[in-house]
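Structure first, then comments.
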Amino acid sequence: MTSTQSSKSRQCESSHCGPPRHVAIIMDGNNRWARARGMAGVRGHRAGVDAVRSVIRRAAERDVETLTLFAFSSENWKRPVGEVNALMELFLIALKREVKKLHEHGIRLSVIGAREGFPSSIQQYIARAEHLTRDNRGLHLVIAANYGGHWDITQAARHLAERVEAGELHASDIDEQAIGREICLADDPPVDLCIRTSGEQRISNFLLWQLAYAEFYFSPLLWPDFDGDAFDLALEDFCRRQRRFGMTDEQIEAQGA
């Protein structure tokens, strides 16, 4: 650990705050990063892969349990065909090159989203990657690809409706807990901290159910410039927050007494 990292860790410890169990990141700004340098948009996405490596490494060092990265939304298919094809190629290359490294470091990989929308080659590599890393007990890395929060809630509702039709449960049995069990990431902790880069301040149909009580952190940095130190700054800011979960300040203080 570097002296900078050690200092940042002590700052977090001094605030009596542990790391967030689940961090979700909307990785925004790749295209703008490339345009600012006179490059094609895909160069920005390639540069963004380095930021992904850096943040995964730092999240593991900081004992984050789950890191969910928004890689490709269900709305991103609307982008120019050339860019979409380049993104698919980059996704496949990343799966081929990075999964072995993740496995060596004990990281478990999962992909959430409508994977049937991807080419069969990508679907096959996703399945292989998940199978290879399924027993790892380190950081759980989740890639949201062809994912949308509306899709997530819709597929959960559909699964419950199918169970009602099959006579497995009654409509009156459907409550928040039942829906939550069908939502993606049901077995992971709720999102504690959601980070969005590039200065934009919206969630763009990302983890709508899972972000119910998350803290939000908006960074002005474009994604390729967001590194481990920037991730630490987000965690420090999280440590300074008081999370109420609907309670009053007095109730929170009484719990900590």
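Some notes on this structure:
- Restricting attention to region 172-199, the residues that are farther than 23 Å from Ser74 by Cα and surrounded by fewer than 13 Cβ atoms within 10 Å (Cβ to Cβ) add up to 5.
- The number of residues in region 44-92 that are of a type in the set (Ser, Thr, Tyr) and in a helix (DSSP H, G or I) comes to 1.
- Considering residues of region 216-232 that are touching a residue at least 60 places away in the same chain (Cβ under 8 Å) and out of contact with any Ser or Thr (no Cβ under 6 Å at 6 or more places or on another chain) only, the residue surrounded by the fewest Cβ atoms within 10 Å (Cβ to Cβ): Asp229
- Positions within region 52-110 being buried (at least 17 other Cβ atoms within 10 Å of the Cβ) and β-branched (Val, Ile, Thr), in sequence order: Val52, Val55, Ile56, Val64, Thr66, Thr68, Val99, Ile107
- Search result, residues across region 200-210 that are in contact (Cβ under 8 Å) with a residue 40 or more places away in the chain and open to solvent by 30 Å² or more (accessible area, probe 1.4 Å): Glu200, Ile203, Ser204, Leu208, Trp209
- Extreme residue, most open to solvent (accessible area, probe 1.4 Å), among residues of region 112-167 that are in contact with a Ser or Thr (Cβ under 8 Å, 6 or more places away or on another chain) and among the aromatic types (Phe, Trp, Tyr): Trp151
- The single condition from (1) under 17 Å from the mean Cα position of the chain (by Cα); (2) modelled with pLDDT under 95 that Ile126 fails is (2).
- Close contacts from region 27-49, counting a first residue that is free of Cβ contacts under 8 Å to residues at least 24 places away in the same chain and farther than 23 Å from Ile143 by Cβ and a second that is crowded, with 22+ Cβ neighbours inside 10 Å and of a type in the set (Lys, Arg), with Cβ to Cβ under 6 Å and a gap of 6+ residues or different chains, come to none at all.
- Hey, Ala24 open to solvent by less than 20 Å² (accessible area, probe 1.4 Å), modelled with pLDDT of 90 or more and over 28 Å from Glu236 (Cβ atoms) or not: no
The values are calculated or read from the model by the stated rules, or taken from the named source; none is laboratory data. No experiment lies behind these values; they were computed from the predicted model shown. All Cβ positions, even for glycine, are placed from backbone atoms using ideal geometry, and neighbour counts span all protein chains on display. Keep in mind that these areas ignore ligands, DNA and RNA; they rest on the heavy atoms of the full protein, side chains included. Shrake-Rupley method; radii C 1.70, N 1.55, O 1.52, S 1.80 Å.
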